[in-house]
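Some notes on the structure that comes next.
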Amino acid sequence: MMTSPAAALLKGAPVAKRIKAQVSDVVASLDTPPCLLNVLVGHNEAALSYLGSIDKLAARLGIDSRRVELPADVDTEDLCRAVTEQGADPSVHALMVQFPLPKGLDRARVAACIPPAKDVDGATIESLGAVLAGQRRHTAPATAAAVVELLASEPACDPEGKDVVIIGRSLVVGRPLGVMLGGPGSTANGTPTICHRRSPDVPAKARRADVLVVAAGVRGLVTREWVKPGAVVVDVGTHPIETEDGWTLVGDVDPTVAEVAGWFTPVPGGVGPVTNAVLMRHVAAAAAPTRFESAW
Ligand code: NAD
């Protein structure tokens, strides 16, 4: 028997468009364009492709996007020195280091060299601490903030009073998102449960979710059997695949989920564009903090 998708698409484009319009208005009114500096270590195709899209978006919004590239065999000491030097440059408003770093480099030490006010992607302990304390700053992890924005954009996806299950506990997505969707300072007021690789019976937990956010980094992990009928499913996962028509992305959620979910985010075209837009808002807010309301 043929089944047709029941779910509505929770698309990123309209949300990203609204955020970008706001950023572009603020940037146009500034005397000096905001500047984002990216530090890239070694040759990493995924990071290069990501930075290519960030550079393009930044240029469209009037943001100056610069890059410092260091060889893969740089040591932690020299990398820390470079990040500290760039961070001290007053013309740099925002600084991102592309993680993961090549093996042998100490991520925590490197992240600690990013000035907290210039941290636009939740890399520092200060940014994560602010999230935990319910301070809605423009330094939170951009992907987690993007999920909050997406859910807030559609009244039917509002997490308030709902059971939220997040699959994945990384510091860039799952863990901060749990706080942002239900902790102190949260405007979402959901009730999150965070699962990880060692959690018992993740499918059963997922099936109880009114809002299911999947950020496991496992292609097609969540199938229709994991989803409560009518639930909102947000797919954070991104996996590049080659098709006859070239490269595209697929997520952590199997497309069959559309047969049972009420709403779901497409990959590509869901969380990704909103993440990039939120990142640009964080950069603009680093340059002009008084021009933006509190974040997430
Ligand atoms: P990560 O590898 O750091 O963390 C994955 C988390 O998922 C871990 O906590 C792990 O315990 C958990 N996990 C893995 N398999 C699981 C399972 N079977 N059951 C329960 N938990 C499981 O990954 P990350 O950096 O958080 O990224 C997750 C995914 O999101 C990746 O596909 C990444 O490419 C994507 N991502 C997308 C964006 C975006 O803007 N769309 C941004 C960041 C990351």
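The values are calculated or read from the model by the stated rules, or taken from the named source; none is laboratory data. Please read these numbers as outputs of a predicted model, since none were measured by experiment. When we count neighbours, we look across all protein chains shown, and the Cβ atoms used for this are built from the backbone with ideal geometry, even at glycine. All accessible areas refer to the heavy atoms of the entire protein, side chains included, with ligands and DNA or RNA removed. Shrake-Rupley method; radii C 1.70, N 1.55, O 1.52, S 1.80 Å.
Sticking with the crude label model, points 7 Å out along Cα→Cβ, report the distance from Glu244 to Leu132 in nm, one decimal please.
The answer from the label model is 5.2 nm.
Ignoring everything except DSSP H segments at least 4 long, calculate the 222 nm mean residue ellipticity for the chain; use -39,500 (n - 2.57) per segment, divide by total residues, nearest 500. The partial results should precede the final answer.
Values: 9 runs with 102 residues, N = 296.
Counting only the DSSP helices, I get -10500 deg cm²/dmol.
Quick query: amide H of Leu70 versus all other amide H atoms, modeled in the peptide plane; which residues come in under 5 Å with a sequence gap of 5 or more or a different chain?
Counting only residues 5 or more places away or on other chains, the set is Leu40, Val41, Gly42.
State the Cα centre-to-centre distance between segment 141-199 and segment 274-296 in whole Å.
Centre-to-centre distance over Cα atoms comes out at 19 Å.
Considering only C-alpha atoms, what is the centroid distance from segment 203-252 to segment 22-101, in Å?
Segment 203-252 and segment 22-101 have Cα centres separated by 30 Å.
Pull up all non-local amide H partners of Ala216: gap of 5 or more, or a different chain, and H-to-H distance under 5 Å with H placed in the peptide plane.
Gly237
Just to be sure I understand the model, the point goes 7 Å from the Cα along the line to the Cβ. What's the resulting Ala59 to Ala204 distance in nm?
5.4 nm
Can you tell me the accessible area per residue over the chain, all protein chains present, probe 1.4 angstrom, in square angstrom? Kindly include the intermediate steps, with their values, before the conclusion.
Numbers: 13890 Å² over 296 residues.
That works out to 47 Å² per residue.
For segment 196-262, which whole percent of the accessible surface, found with a 1.4 angstrom probe, sits on carbon and sulfur atoms? Spell out each step's value before the answer.
Details: 1780 of 3520 Å².
Here carbon and sulfur together make up 51 percent of the probe-accessible area.
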